[in-house]
Amino acid sequence: MIFYGLAALIIIIIALLWVGGLYFFKTAIRRTPKTFLADNPNLKTEVEDELISTVADLQWLDAQDTKTVTIQSQDGLRLSGIWLPSKNKSAKTVILAHGYSGKGREMAGFARFYAETLGYHVLMPDDRGHGQSEGEVIGFGWLDRKDYVQWIGWVLGHAGLNTDIILHGISMGGATVLMTGGEELPDQVRAIVSDCAYTSVEEELTFQLKQLYKLPPFPFIPVTSLITKWKAGYSFKEASALKQLAKVNVPVLFIHGEADLFVPTEMVYRLYEVCKSEKELLTIPRAGHGTAFQVDREKYKAVLGAFLQKHMPL
């Protein structure tokens with residue numbers, strides 16, 4: 001009787017853990033409304049008035065001669081993006097990678113800087129599971145890295161083989177461009193700009209599990225990772241910007257807000273340390289998660305402009 005009782009208890013515990021893993025999978029990985037982000041105190045900033053400028057950037061983008069472009073991913077998804085051609089036939093292109101639960105057009109502020117100030121072509125993809133792109137799961141940069149390799153190919157086919165390419169991402173997009181940089185890329189990809197990226201999906205979700213639910217990583221992270229491997233095709237451990245950085249051979253500019261409580265600022269120092277290629281680091285005081293550009297645009301633009309001038313061919 002004791003044996004059967006113990007066996008029943010073990011089965012109940014496993015079932016509860018599996019149900020919990022399915023809940024966290026649906027919350028974080030499935031394409032569902034991310035309501036938990038709305039009132040997240042770690043996404044608040046003490047300089048919220050600075051964010052109003054984003055409205056002007058979106059209005060600017062809406063007034064531009066853009067067009068919607070599409071590619072098909074290796075696993076058959078229709079992926080959508082916004083293409084903003086340069087007005088002066090530039091030989092330079094930036095591919096902008098948005099953050100978790102975002103969309104390409106939300107990168108309008110960066111697009112405006114690259115287009116107006118630097119004269120670049122701009123491509124703003126919607127990641128799989130976001131915006132106008134297909135997909136029922138979020139890749140957290142790991143699945144997306146292959147998609148961005150294809151977007152690079154699209155740019156070369158559309159803008160020409162003589163175009164030089166910058167990858168610039170924020171938050172999940174920052175991790176995405178680092179992960180993409182670890183793939184085999186054409187020589188036209190000249191540099192990477194990674195803003196407030198996480199070190200790995202496992203570490204970031206472990207951090208969020210503690211912040212939002214006051215729960216330890218074990219057994220919830222391993223169980224949810226197992227379900228994600230089954231349903232989405234990747235595990236949290238393999239989705240690592242740190243590991244991919246070991247294979248990056250182009251210059252990287254790392255940027256992070258010093259008041260980031262969503263992706264801890266300490267992560268950028270570890271990313272910077274692991275990077276073996278040419279690298280620079282910019283941290284912005286008082287900037288929370290994803291707000292470095294809004295909090296100090298002048299410094300951000302100055303450092304970014306100098307970085308691009310140094311590493312992009314004339």
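Taking the conditions exactly as written (under 22 Å from Asp75 (Cα atoms), over 15 Å from the mean Cα position of the chain (by Cα) and crowded, with 23+ Cβ neighbours inside 10 Å), does Thr228 satisfy them or not?
Values: under 22 Å from Asp75 (Cα atoms): yes; over 15 Å from the mean Cα position of the chain (by Cα): yes; crowded, with 23+ Cβ neighbours inside 10 Å: yes.
Spelling it out, Thr228 is indeed under 22 Å from Asp75 (Cα atoms), over 15 Å from the mean Cα position of the chain (by Cα) and crowded, with 23+ Cβ neighbours inside 10 Å.
Taken as a whole, the structure leaves Arg112 outside the set of residues that are basic (Lys, Arg), closer than 23 Å to Leu205 by Cβ and modelled with pLDDT of 95 or more.
Restrict the check to the range 33-55 and report whether at least one residue is modelled with pLDDT under 90, of a type in the set (S, T, N, Q), under 30 Å from Gln188 (Cα atoms) and surrounded by fewer than 13 Cβ atoms within 10 Å (Cβ to Cβ). No, every residue in the range 33-55 fails to be modelled with pLDDT under 90, of a type in the set (S, T, N, Q), under 30 Å from Gln188 (Cα atoms) and surrounded by fewer than 13 Cβ atoms within 10 Å (Cβ to Cβ). Residues of the range 186-197 that are open to solvent by 10 Å² or more (accessible area, probe 1.4 Å) and touching a residue at least 60 places away in the same chain (Cβ under 8 Å): Arg190 alone.
Close Cβ contacts (under 7 Å, 6 or more residues apart or on different chains) running from residues in the range 92-105 that are of a type in the set (Ser, Thr, Tyr) to residues that are open to solvent by less than 10 Å² (accessible area, probe 1.4 Å) and part of a strand (DSSP E or B) comprise Thr93/Leu123; Thr93/Ile165.
In the range 142-175, what count of residues is obtained for those that are open to solvent by less than 10 Å² (accessible area, probe 1.4 Å), closer than 26 Å to Leu271 by Cβ and not in a helix (DSSP H, G or I)? So that I can check it myself, show each step before the final result.
Taking the range 142-175 first, the residues open to solvent by less than 10 Å² (accessible area, probe 1.4 Å) are 144, 147-148, 151-152, 155, 163, 165-169, 172-175.
The next check asks that each one be closer than 26 Å to Leu271 by Cβ; those that pass are 144, 147-148, 151-152, 155, 165-169, 172-175.
Filter again for not in a helix (DSSP H, G or I), leaving 165-169.
Residues flagged as open to solvent by less than 10 Å² (accessible area, probe 1.4 Å), closer than 26 Å to Leu271 by Cβ and not in a helix (DSSP H, G or I) within the range 142-175 amount to 5.
The set of residues in the range 291-300 that are among the charged types (D, E, K, R), in a helix (DSSP H, G or I) and touching a strand residue (DSSP E or B) at 6+ places or on another chain (Cβ under 9 Å) contains only Lys299. On the stretch given as the range 233-253, residues that are open to solvent by 10 Å² or more (accessible area, probe 1.4 Å) and among the hydroxyl-bearing types (Ser, Thr, Tyr) total 1.
If you go through the range 78-127, how many residues are part of a strand (DSSP E or B) and either within 15 Å of Asp62 (Cα to Cα) or among the aliphatic types (A, V, I, L, M) (or both)?
To start, the set of residues in the range 78-127 that are part of a strand (DSSP E or B) comprises 78-84, 92-97, 121-125.
The next check asks that each one be either within 15 Å of Asp62 (Cα to Cα) or among the aliphatic types (A, V, I, L, M) (or both); those that pass are 79, 81-84, 94-97, 122-124.
Final tally of qualifying residues: 12.
Residue-level check: of (1) open to solvent by 30 Å² or more (accessible area, probe 1.4 Å); (2) on the phi > 0 side of the Ramachandran plot; (3) of a type outside the set (Asp, Glu), Tyr100 misses just (2). Pairing each residue of the range 244-267 that is free of Cβ contacts under 8 Å to residues at least 24 places away in the same chain with any residue that is open to solvent by 20 Å² or more (accessible area, probe 1.4 Å) and assigned to a strand (DSSP E or B), provided the two are 6+ apart or on different chains, yields C-beta distances under 8 Å for Thr265/Thr283.
In the range 16-33, what residues are in a helix (DSSP H, G or I) and either in contact with a Gly (Cβ under 8 Å, 6 or more places away or on another chain) or basic (Lys, Arg) (or both)? Hit for the range 16-33 is Lys26, nothing else. Do we find that Thr180 is of a type in the set (Ser, Thr, Tyr) and under 15 Å from the mean Cα position of the chain (by Cα) in this structure? Yes, satisfied.
Residues being touching a residue at least 60 places away in the same chain (Cβ under 8 Å), farther than 8 Å from Gly21 by Cα and of a type outside the set (Gly, Ala, Ser): count how many of those fall in the range 217-232. Reasoning before the result, please.
The first filter runs over the range 217-232 and keeps only residues touching a residue at least 60 places away in the same chain (Cβ under 8 Å), leaving 219-220, 223-224, 226-228, 231-232.
Checking which are farther than 8 Å from Gly21 by Cα leaves us with 219, 226, 228, 231-232.
Now drop any that are not of a type outside the set (Gly, Ala, Ser), which leaves 219, 226, 228, 231.
Final tally of qualifying residues: 4.
When Val268, Val303 are screened for being under 30 Å from Gly21 (Cα atoms), in a helix (DSSP H, G or I) and either modelled with pLDDT of 95 or more or open to solvent by 70 Å² or more (accessible area, probe 1.4 Å) (or both), only Val268 passes.
Does Ile221 count as modelled with pLDDT of 95 or more and surrounded by fewer than 24 Cβ atoms within 10 Å (Cβ to Cβ)? Lay out the reasoning, then the answer.
On the way: modelled with pLDDT of 95 or more: yes; surrounded by fewer than 24 Cβ atoms within 10 Å (Cβ to Cβ): yes.
Taking the combined requirement at face value, the residue satisfies it.
Of Lys247, Lys237, Lys210, all but one fail to be assigned to a helix (DSSP H, G or I) and not hydrophobic (A, V, I, L, M, F, W, C); the exception is Lys210.
The values are calculated or read from the model by the stated rules, or taken from the named source; none is laboratory data. Here the structure is a predicted model, which means the values were calculated and not measured. Cβ: placed from backbone, ideal geometry, glycine included. Neighbour counts: every protein chain shown. Protein only, heavy atoms only, side chains kept; ligands, DNA and RNA dropped before computing areas. Shrake-Rupley method; radii C 1.70, N 1.55, O 1.52, S 1.80 Å.
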